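The values are calculated or read from the model by the stated rules, or taken from the named source; none is laboratory data. Every value quoted in this text rests on a predicted model; they were computed, and no experiment measured them. In this analysis, Cβ positions are derived from the backbone assuming ideal geometry, glycine residues included, and neighbour counts consider all displayed protein chains. Side chains included, ligands, DNA and RNA excluded: accessible areas come from the protein's heavy atoms. Shrake-Rupley method; radii C 1.70, N 1.55, O 1.52, S 1.80 Å.
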Amino acid sequence: MHMKLINLLVLLTLGLCCVSQCSCTQRKVERSSLAINTFDSIPDEIDGGMCAFYKSLKDKEKSKYLLINDMGEYAFICIDGTVQKMYLESYSENEYRYKNELYSMTVTIESEIKGTAENSFFKGHIWVQDTSEHNTSTSFISLCSI
C-alpha cells in the first residue's frame, strides 16, 4: 500500500511537469547544471518576423523549439522546464547576447545552410549561464522568416 502511494505521487508529479509548455523529458533535477528544454508553442509576443531554433530537422517537423526570437529585442528559451523571456543586450554580425534577471545567453551563428529572399536557414550554438555561473550549451539549426 505504501509503495502504491509513492508510485501515485511520482506519476502525479510527472504529469504536472508535462502540463507546462516545456518538455519535461530533458529536465534535470540537480542544480549543479542547467538544461535547455524544448517547447511547442510560439509565445503571443511574437507577431511578425521571427527566427525559430531547433535541435534537429526532426524537432522542426514536430514544432519543438529550442529558442524563438522576434528578430529584434527579445527571445524565448525554455531553461530547466520554464520558458524564459530574454532581452537583447548586444549583437554583432554573427553573435547575439541576451539577458534577463536569471540568465545570460549567447547565440552564435556558425554558417548559413541556405536561404531565399524570405527564409534563411542557419547552424550555430547557444550558450546559457545562470547567476551562479552554472552553464550549458547546445547546437541548433534555425529558420528565420520575414
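What do you get for Rg/Rh over segment 34-107 if you use C-alpha atoms and the Kirkwood form of Rh? Mind showing how you got there, number by number?
Values: Rg = 11.8 Å, Rh = 12.5 Å.
My calculation puts Rg/Rh at 0.94.
Averaged per residue, segment 89-142 has 62 square angstrom of accessible surface, using a 1.4 angstrom probe with ligands and nucleic acids left out.
Taking label positions 7 Å along the Cα-Cβ direction at both Tyr87 and Lys62, the computed distance is 3.5 nm, reported to one decimal.
First compute the accessible area of segment 47-146 with a 1.4 Å probe, then give the percent of it belonging to carbon and sulfur atoms.
Details: 2500 of 5530 Å².
On segment 47-146, the fraction of accessible area on carbon and sulfur atoms equals 45 percent.
Cβ-Cβ distance of Asp40 and Phe121, R₀ of 30 Å, FRET efficiency by 1/(1 + (r/R0)^6): the value works out to about 0.90. In this simple spin-label approximation, Asp47 and Asn100 carry label points 7 Å from Cα along the Cα→Cβ vector, and these lie 2.0 nm apart.
Residues Tyr87, Tyr98, sorted by accessible area with the largest first, give Tyr87, Tyr98 [1.4 Å probe; ligands and nucleic acids excluded]. So for the pair His134, Glu110, with labels modelled 7 Å out along Cα→Cβ, what separation do we get in nm? Modelled inter-label distance: 2.5 nm.
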